[in-house]
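Since every read-out is calculated from the coordinates, none of them should be taken as a lab result. In this text the structure is predicted, and so the values were computed from the model without any measurement. Quick reminder, even Gly has a Cβ in these numbers, built from the backbone with ideal geometry, and neighbours come from all protein chains shown.
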Amino acid sequence: MNPILSSATIAALALAMPLSASAADSAPSPIVLTIADVQPQVIGTERITPGLIRVEFHNTANVAATRVTFEVAASGVSLTRIDDVGTFSQGATIDHNFPNEHGLANETISVAAVQFADGSVWQNDDAAPQARRQAVSLLGQR
C-alpha cells in the first residue's frame, strides 16, 4: 500500500469531510444589511462608467465591530471580498460606498466575516463550501 495519496484521493476526501456546522446551526450574522446595492461597471463605446457597491448596515452585537468583510458574488461564484475597517458600534448606522470593477448585472453582496474589538470573530458558515471548492481546485493544478 502506497502511503502517498494521489490528488484525486485527497480531493475526494476533502469533498466528503464536513468543514463546519450547517448554516442552520450557526449563529445569525451580527451585522444586519439594510441596503446592499450593487451597480456594475458599464463599458460603453466612448467611456467607462465605474461601478459602485453601496452597503448600509448596523451592528447588533454588544461589542463594537472593527472589521466587516463583505463577499461579492455572481451566480454563486465569489468575485471579491471587501474589508470595511473602522469602529462600528452597536446600533450605529454605517453607510459606505466601494468601487465595483465587475460588469455583471446579477451580483450579490453578503456578510462573510466580522471581527470585534474584543478579538472575537464571527464567520459566515455559508462561505465554507466555496473555500472547500477552491482548495479542491488547487489540488487539481498540481
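Which residue, of Glu71, Glu107, is within 13 Å of the chain's Cα centre (by Cα) and within 21 Å of Gln123 (Cβ to Cβ)?
Glu71
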*Taking the condition over 21 Å from Asp126 (Cβ atoms) and touching a Leu at 6+ places or on another chain (Cβ under 6 Å), does Gln90 pass?*
no
*Listed residues His102, His58, His96; which is surrounded by 12 or more Cβ atoms within 10 Å (Cβ to Cβ) and farther than 21 Å from Val32 by Cα?*
His102
